[in-house]
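Trainee: The structure is given below, and queries will be raised subsequently.
The values are calculated or read from the model by the stated rules, or taken from the named source; none is laboratory data. Because the structure is predicted, anything quoted here is derived from the model rather than measured. Note that we place each Cβ from the backbone using ideal geometry, even for glycine, and neighbour counts take in every protein chain shown.
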There are 2 protein chains.
Amino acid sequence: MMGNDELVSCCVKRPRERIIEMAQLLFRKHGIRGVGVDAIAEEAGTNKMTLYRHFGSKDELIAECLRETARTADPFWRDLEQNFPGDPLAQLHEWVRAVASYASMEAGGCDLVTAAFELPEPDHPARQVVEAFKHEQRQKLVGLCRKAGIEEAEKLADTLGLLLEGARVNRRSVGPDGPSARFVALAEAVIASFSAASGKVGEERQVEGA
Amino acid sequence: MMGNDELVSCCVKRPRERIIEMAQLLFRKHGIRGVGVDAIAEEAGTNKMTLYRHFGSKDELIAECLRETARTADPFWRDLEQNFPGDPLAQLHEWVRAVASYASMEAGGCDLVTAAFELPEPDHPARQVVEAFKHEQRQKLVGLCRKAGIEEAEKLADTLGLLLEGARVNRRSVGPDGPSARFVALAEAVIASFSAASGKVGEERQVEGA
DNA sequence: CGCCCATGTTACCGATCTGTAACGTCCGGA
DNA sequence: TCCGGACGTTACAGATCGGTAACATGGGCG
């Protein structure tokens, strides 16, 4: 064995990582319930036994995939603070642009929502991951709105959050040419109205996305 | 047999209707892929053979359930016109209230979205139903906004549509106490900002939902 | 070298799924 | 009264699913 699981010196990825990546991909393509563990293992270039040695069950694999997906949001928020330090309003506008860009990728960024729909059992391990992630993202967005000087910060954050979730879902329902394509323009209009209500009209940044 | 399928004079519903209703219910509770045709038939008080005599396959049953769900939107729009005749702005406000009320029911009104997530195959019969329904609802909402004198009618309609879709989905993800509970207030704020932009501030109707 | 452990391979279990065949039953209309 | 069609019942086929057991293999490290 290699000395450490974290410091992987091997050139190709270990089975565990390959399984997670391929599972995420296949879950998006065929739905979580639409793909079996056997297919995941085979597509990942390994076999079912190795999969079950790393993940005790399919449900645990699902939860681990969601945790991995959720982790991708961390560098996103870090970059936001890093690229616009001390300018929360600019960060808010960049948030809109960035999540729109992320949502228009094939991944769509709605793995967690998909899981919530496909696994309605209230005690499924995946649901805890989803709820925790959604709550955390909302808190961060509320904080950003508040620091940006928005008076009704929670209201704006919830509006933007629901708008984003709706855009993601609408994209999955009717394709990328529907209303979701106009998310940036819609979100900017909402921000503008909330900024005006706060008396702070700001730079009147007009980003037309569509 | 009875003379006509439409004029059902029997006191209890026929198997076909019972199957559709129970299928809708079970699909919502366990997910579409999470329930088998055998369970549907049994819960509907009939058996699998009768199910397959009415619906050629499970996929056709799914599509028929979605069509039935989509049909429930027709009386909704009719009531809107009937209760506020000639007052499109009032109809728009009532739209917000009504869809919020509908979305807060256990049904949630997102059967079609669920199907779109659970059945990613692009040529699945259910997808056509979903796309057609979403497009139709958008057109109606755009028309309502336009008649209400909103300048950027499409923009407002898309914002409200995505907001609603986000609220529905968020409710399924994090439960009924999340941001989705504030949908009415958020939607009203958006309408107000678009009305103000159109110069027509109107009655300044302030419906606080949360 | 020789041990250990992650991985690969094969076979299998029991359950469940969609879908079909064959046959019995019952009721409404002609 | 008799016939036809809708409905119920049982059994089954064929496939796939999640999950496990037993064993072979191969490479890193002492």
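Trainee: Among the residues of the range A:35-55, is there at least one that is more than 8 Å from DNA strand D (Cβ to nearest atom), within 14 Å of chain B (Cβ to nearest Cβ) and within 16 Å of B:Pro120 (Cβ to Cβ)?
Mentor: Checked against the condition, which is being more than 8 Å from DNA strand D (Cβ to nearest atom), within 14 Å of chain B (Cβ to nearest Cβ) and within 16 Å of B:Pro120 (Cβ to Cβ), the range A:35-55 yields no hits at all.
Trainee: Right, here's the next one. Could you give every pair whose Cβ atoms fall below 7 Å, whose first residue belongs to the range A:164-186 and is within 15 Å of B:Leu156 (Cβ to Cβ), and whose second residue is modelled with pLDDT under 90 and in a loop (DSSP other than H, G, I, E, B), counting only separations of at least 6 or pairs across chains?
Mentor: Qualifying pairs under 7 Å: A:Arg182/A:Gly209; A:Arg182/A:Ala210; A:Phe183/A:Gly209; A:Ala185/A:Glu208; A:Ala185/A:Gly209; A:Ala185/A:Ala210.
Trainee: If B:Gly31 satisfies all but one of (1) of a type outside the set (Ser, Thr, Tyr); (2) farther than 28 Å from B:Phe183 by Cα; (3) within 14 Å of chain A (Cβ to nearest Cβ); (4) within 14 Å of DNA strand D (Cβ to nearest atom), what's the number of the condition it fails?
Mentor: All conditions pass for B:Gly31, except number (2).
Trainee: Looking only at the range B:117-138, which residues are outside any helix (DSSP H, G or I) and free of Cβ contacts under 8 Å to residues at least 24 places away in the same chain?
Mentor: Our first condition is that a residue be outside any helix (DSSP H, G or I); within the range B:117-138, this holds for B:119-124.
Passing the criteria: B:Pro120, B:Glu121, B:Pro122, B:Asp123.
Trainee: If we scan the range B:118-127, do we find a residue that is touching a helix residue (DSSP H, G or I) at 6+ places or on another chain (Cβ under 9 Å), modelled with pLDDT under 95 and closer than 22 Å to B:Leu186 by Cβ?
Mentor: no
Trainee: Filter the range B:124-149 down to residues that are out of contact with any Ser or Thr (no Cβ under 8 Å at 6 or more places or on another chain) and among the basic types (Lys, Arg) and give me whichever is nearest to the other protein chains (Cβ to nearest Cβ).
Mentor: Step one: of the range B:124-149, the residues out of contact with any Ser or Thr (no Cβ under 8 Å at 6 or more places or on another chain) are B:124-129, B:132-133, B:135-148.
With among the basic types (Lys, Arg) added as a condition, the list becomes B:127, B:138, B:140, B:146-147.
Working: B:Arg127: 9, B:Arg138: 7, B:Lys140: 14, B:Arg146: 16, B:Lys147: 19 Å.
Filtering the range B:124-149 for residues that are out of contact with any Ser or Thr (no Cβ under 8 Å at 6 or more places or on another chain) and among the basic types (Lys, Arg), the one nearest to the other protein chains (Cβ to nearest Cβ) comes out as B:Arg138.
Trainee: Restricting attention to helices (runs of 4 or more DSSP H) lying wholly within the range A:35-110, give those where 2 or more residues are more than 15 Å from the chain's Cα centre (by Cα), at pLDDT 95 or above and away from DNA strand C (no atom under 16 Å from the Cβ). Spell out how you get there, then give the answer.
Mentor: Numbers: elements: A:37-43, A:48-54, A:58-71, A:73-83, A:88-103.
Result: A:73-83, A:88-103.
Quick grid of which residues meet (1) basic (Lys, Arg); (2) over 25 Å from B:Gly175 (Cα atoms); (3) more than 7 Å from chain B (Cβ to nearest Cβ); (4) out of contact with any Cys (no Cβ under 9 Å at 6 or more places or on another chain):
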residue	(1), (2), (3), (4)
A:Val113	no, no, no, yes
A:Pro122	no, no, yes, yes
A:Arg168	yes, no, yes, no
A:Gly175	no, yes, yes, yes
A:Leu186	no, yes, no, yes
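Trainee: Looking at (1) surrounded by 18 or more Cβ atoms within 10 Å (Cβ to Cβ); (2) under 23 Å from A:Arg172 (Cα atoms), can you tell me which one A:His30 breaks?
Mentor: Of the numbered conditions (1) surrounded by 18 or more Cβ atoms within 10 Å (Cβ to Cβ); (2) under 23 Å from A:Arg172 (Cα atoms), the odd one out for A:His30 is (1).
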